[in-house]
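Working notes, beginning with the structure itself.
Just so it is clear, none of the values below were taken in a lab; they were calculated from the coordinates. Predicted, not measured: the structure shown is a model, and the values here were computed from it. Cβ placement follows ideal geometry from the backbone for every residue including glycine, while neighbour counts extend to all protein chains displayed.
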Ligand SMILES: [Fe+2]
Ligand SMILES: [Fe+2]
């Protein structure tokens, strides 16, 4: 038996994974014309998120925003949490083009995160405002202007979601 912190971390990771999976199940149920089942998946996904959040808070890893931005910047700048570079090579070696494309686009998006955090850290000091635009296809985040096409996956502007 490991430490309580190990158990909290396991609970946090497990609940976070379950919540994401259930949200996709909810989308699938909605597409199949099953709104009540979709609702059930959504409410349980939210419930799992609450469990995950409680575990993460108990780990005392949510600090001041200044510290959270610095920590997020550092972890993005050092290594991406997911080793997309290795995954791309693996998918290419196995001839899995769809996976290779997903991994390489995700890697490209990850590389922009550190820059965004840096800007956010500056904005926080300057009290400047910006609108972010999220590509719903690949996750690319544009800062301040809606691109004519996603620079990572080529998606059109109507696939972007504004965060203003
Ligand atoms: Fe990232
Ligand atoms: Fe994209």
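Build a GNM of the chain with springs between Cα atoms under 10 Å apart, and of 27, 67, 92 the one that fluctuates most is 27. If R0 is taken as 22 Å, the Cβ-Cβ distance between residue 131 and residue 78 corresponds to a FRET efficiency of 0.15.
Treating the Cα atoms of the range 23-164 as identical point scatterers in vacuum, please give the log10 of the normalised Debye intensity I(q)/I(0) at q = 0.11, 0.15 Å⁻¹, two decimals. So the normalised log intensities are -0.61, -1.11.
Order of 34, 24 from fewest to most other C-beta atoms within 10 Å? Intermediate results must be reported in sequence, preceding the final value.
On the way: 34 14, 24 11.
Listing 34, 24 from fewest to most nearby Cβ atoms yields 24, 34.
Using the Cβ-Cβ distance between residue 101 and residue 163 with R0 = 35 Å, the FRET efficiency computed as 1/(1 + (r/R0)^6) comes to roughly 0.90.
One compactness figure for the range 4-58 is 1.26, namely its Cα radius of gyration divided by 2.2 N^0.38 Å.
Pull out the extension gain between residue 143 and residue 65, defined as 0.36 nm times the separation in residues minus the alpha carbon to alpha carbon distance; nm, one decimal. All intermediate terms of the calculation are to be shown ahead of the outcome.
Details: separation 78, 0.36 × 78 = 28.08 nm, distance 1.95 nm.
Stretched fully, the residue 143-residue 65 segment lengthens by 26.1 nm.
For the chain, what is the mean residue ellipticity at 222 nm derived from helices alone (per DSSP H run of n ≥ 4: -39500 (n - 2.57); sum divided by total residues; nearest 500 deg cm²/dmol)? Write down the numbers at each step before the final one.
Details: 5 runs with 106 residues, N = 164.
-22500 deg cm²/dmol, from helical runs alone.
At q = 0.17, 0.18, 0.23 Å⁻¹, what log₁₀ I(q)/I(0) does the range 82-164 have when each alpha carbon counts as one equal point scatterer in the Debye sum? For the range 82-164, the Cα-only Debye profile gives -0.73, -0.79, -1.04.
Among 137, 152, 13, the largest mean-square fluctuation in a Gaussian network model of the chain (Cα springs under 10 Å) belongs to 13.
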